[in-house]
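Remarks on the structure that follows.
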Amino acid sequence: GAGTANTEFEVLTGMRVRFFGPGEYPYKSVLKDETCDSIAYDLKRLGYGTHAIHNHRGAFYGRNKVFPNLGFDTFTSLEYMNSVTKTPKNWAKDGVLIEEILAALNSTESEDLLYTISVQGHGQYPTTKVIENPAITTSGITVESDANAFEYYVQQIYEMDEFVGNLTEALNKLGEPTVLVMYGDHL
């Protein structure tokens, strides 16, 4: 947990954050004002459109300033999304990303790189029961607060898995060659 922007930086640039100072977040320092080689710049040189999407605030980690410096043509953040539903802990659910991904893909005639960051599974997980009739239930945890937190977490993972299935289906319907890469940086 934490350091999402550093994981993003490493994935997008191929550089390790350990090349910077201890505790450094390139998004919060050098990338606010400087450009940096990245997969987005590499693919732009090959004619790709480059888009970043995030269902959280655009200014978080300075992404609204950093993504152009990493070579992204567009950045759509939560402030520009419609029909956002939230978790009981007030994180945007990932389902909203499908419409945004399809809109970005359809915004250009060229091939596209879309870099999308989701937030639905984020914690602090509630220690009291907040979801009535969850699709996924848990058992065997004897400490009630732990059981409630785990059941909430499992429910979010279940819904995120549904999102991945729905996204994959939507991408298949486009009928275009597509490479979908996913990674996680939170436990």
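If you add up the charges near ASP94, with Lys and Arg at +1 and Asp and Glu at -1, over every other residue whose beta carbon is less than 11 angstrom from its beta carbon, what do you get?
Net local charge, ASP94 excluded: -3.
So what is the diffusion coefficient of the chain in µm² per second by Stokes-Einstein at 37 °C and 0.692 mPa s, using a Kirkwood Rh over Cα pairs?
Value of D from the Cα-based Kirkwood radius: 182 µm²/s.
Counting Lys and Arg as +1 and Asp and Glu as -1, what is the net charge of the other residues whose Cβ lies under 13 Å from the Cβ of LEU180?
-3
Name the residue, out of ASN82, ASN148, ASN133, whose mean-square fluctuation peaks in a Gaussian network model built on the chain with Cα pairs under 10 Å.
ASN133
For the chain: lysine pairs with Cα atoms under 21 Å, gap of 8 or more or different chains, count?
So the count of such lysine pairs works out to 7.
Taking the Cα centre of segment 2-131 as the origin, how large is its charge dipole in debye, to the nearest 20, when only Lys and Arg (+1) and Asp and Glu (-1) carry charge on their Cβ atoms?
Computed about the Cα centre, the dipole is about 680 debye.
For segment 49-65, what does the Karplus curve 6.51 cos²θ - 1.76 cosθ + 1.60, with θ = phi - 60°, yield as ³J(HN,Hα) per residue in whole Hz, taken in order and with x for Gly and Pro?
Couplings: x, 10, 9, 10, 9, 8, 8, 9, 4, x, 7, 5, 6, x, 4, 4, 9 Hz.
Where a number appears in this text, it was derived from the coordinates with a stated rule and is not lab data. Because the structure is predicted, anything quoted here is derived from the model rather than measured. Ideal geometry is used to build each Cβ from the backbone, glycine not excepted, and the neighbour counts take in all protein chains shown.
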